[in-house]
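J.: Sharing a structure here in structure tokens format.
The values are calculated or read from the model by the stated rules, or taken from the named source; none is laboratory data. Since this is a predicted model, take the numbers as computed values, not measurements. Neighbour counts are summed over all protein chains in view; Cβ atoms, including those assigned to glycine, are modelled from backbone coordinates with ideal geometry.
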Amino acid sequence: MKKLFIPILMVASLIGSTISVKAQTADEIVDKYIAAIGGKDNWKKVQSMKVEGAIQVQGIEIPYSVNAIHMKGSRMQGEFQGNVFIEITTPTKGWSQNPMAGKATLQPMTDDELKTKIDDLDIQSPFIDYKEKGSTIESLGKDEEDGNEYFKIKLTTKNKNESTYFFDTKTFLVYKQETIIKQQGQEIKMAVKSLDYQTVDGGIKVPFKVDQGQMILATKKVSVNPTIDEKLFTNN
């Protein structure tokens, strides 16, 4: 009986600890992630940001910049062979310009396009105060990729946008984000990898390389809390 009793106790203990861990895993991982990127206090001080870099695609580099004010507006702009590419997002409207896709001037975004962009106005982090923002998180266990192990957490925002984040089990930094977006009536799965994290002004850590598969956004400079003219977020 004793031999049987000990394994049963071990199994019961293991099940109990597993249930306990699952109940708190998502929030624990998120807390460690926030600490890894500089901490909540530092990020809450970030009200504006300017990013300068280059889009690398098919051996070509296209200079670009992003000017953003937290929860107010964002403008991404690049230029290639005299063609100017622009994407503007605000809480209520958005516009895009892409001469190579037949948009020679700023054109309004569709509701679906705006819905996929609007959560990006949160330049601090979607995980900071996520409950207050109306978002929810759910642990999806672990996964392995490229020889590394990752925690998987699904984030659902109040706008009903869903993304699955892969957190490195050693550093707790986000390695990859998978999102399903709607384009021209079709659902498309996007995977974005965040690499080369560096600490910038204000003690916050951001990825300087964002791999979107067909193109890479290589950051060269990040300015924290610069003065940004809100006129950049209009279609004038």
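J.: When you scan segment 170-196, how many residues do you find that are buried (at least 16 other Cβ atoms within 10 Å of the Cβ) and in contact with a helix residue (DSSP H, G or I) (Cβ under 9 Å, 6 or more places away or on another chain)?
T.: 5
J.: Let me ask something else. I'd like the residue in segment 23-55 that is over 24 Å from T164 (Cα atoms) and not hydrophobic (A, V, I, L, M, F, W, C) and, out of all such residues, is surrounded by the fewest Cβ atoms within 10 Å (Cβ to Cβ).
T.: That would be D41.
J.: Just checking, how many residues over segment 188-233 are on the phi > 0 side of the Ramachandran plot and within 15 Å of the chain's Cα centre (by Cα)?
T.: Step one: list which residues in segment 188-233 are on the phi > 0 side of the Ramachandran plot, which gives 196, 202-203, 213, 225.
Applying the additional criterion that residues be within 15 Å of the chain's Cα centre (by Cα) yields 196.
Going through segment 188-233 one residue at a time, the tally reaches 1.
J.: How many residues are small (G, A, S), under 21 Å from K72 (Cβ atoms) and surrounded by fewer than 19 Cβ atoms within 10 Å (Cβ to Cβ) if we restrict to segment 103-140?
T.: The qualifying residues number 2.
J.: While we're here: Please tell me if E132 is in contact with a strand residue (DSSP E or B) (Cβ under 6 Å, 6 or more places away or on another chain), modelled with pLDDT of 95 or more and of a type outside the set (G, A, S). Even if it seems obvious, please write down each step before you answer.
T.: Working: in contact with a strand residue (DSSP E or B) (Cβ under 6 Å, 6 or more places away or on another chain): no; modelled with pLDDT of 95 or more: yes; of a type outside the set (G, A, S): yes.
So E132 fails the test.
J.: Still on this structure, I have one more. Return the pair list, or none, for Cβ contacts closer than 8 Å from residues in segment 171-186 that are over 20 Å from D211 (Cβ atoms) to residues that are of a type in the set (V, I, T), at least 6 apart or on different chains.
T.: Every condition considered, the pairs that remain are K182/T116; K182/I188.
J.: Taking the condition of being modelled with pLDDT of 95 or more and outside any strand (DSSP E or B), how many residues in segment 92-108 meet it?
T.: So the count comes out to 2.
J.: Out of all the residues in segment 186-200, is one or more of a type outside the set (A, V, I, L, M, F, W, C), under 24 Å from Q97 (Cβ atoms) and in contact with a Phe, Trp or Tyr (Cβ under 6 Å, 6 or more places away or on another chain)?
T.: No, segment 186-200 contains no residue that is of a type outside the set (A, V, I, L, M, F, W, C), under 24 Å from Q97 (Cβ atoms) and in contact with a Phe, Trp or Tyr (Cβ under 6 Å, 6 or more places away or on another chain).
J.: What are the residues in segment 19-58 that are closer than 22 Å to D168 by Cβ and modelled with pLDDT under 50, if any?
T.: V21, K22, Q24
J.: What do you reckon, is F85 surrounded by 14 or more Cβ atoms within 10 Å (Cβ to Cβ), closer than 24 Å to D119 by Cα, in contact with a strand residue (DSSP E or B) (Cβ under 9 Å, 6 or more places away or on another chain) and of a type outside the set (D, E, K, R)?
T.: Judged against the criteria, F85 is a match.
J.: Restricted to segment 56-76, and to residues that are aliphatic (A, V, I, L, M) and more than 21 Å from the chain's Cα centre (by Cα), which residue is surrounded by the most Cβ atoms within 10 Å (Cβ to Cβ)?
T.: I62
J.: Within segment 211-229, is there a residue that is basic (K, R), touching a residue at least 60 places away in the same chain (Cβ under 8 Å), under 25 Å from Q177 (Cα atoms) and loosely packed, with under 14 Cβ neighbours inside 10 Å? Before you say what the answer is, go through the steps one by one.
T.: Applying the first criterion (basic (K, R)) to segment 211-229 yields 220-221.
After this cut, where a residue has to be touching a residue at least 60 places away in the same chain (Cβ under 8 Å) as well, the list is 220-221.
Now restrict to residues that are under 25 Å from Q177 (Cα atoms): 220-221.
Subsequent filtering for residues that are loosely packed, with under 14 Cβ neighbours inside 10 Å retains 220-221.
Yes - at least one qualifying residue is present in segment 211-229.
J.: Return the residue satisfying two criteria in turn: it lies in segment 109-135 and is more than 15 Å from the chain's Cα centre (by Cα) and outside any loop (DSSP other than H, G, I, E, B), and of such residues it is farthest from F233 (Cα to Cα).
T.: D112
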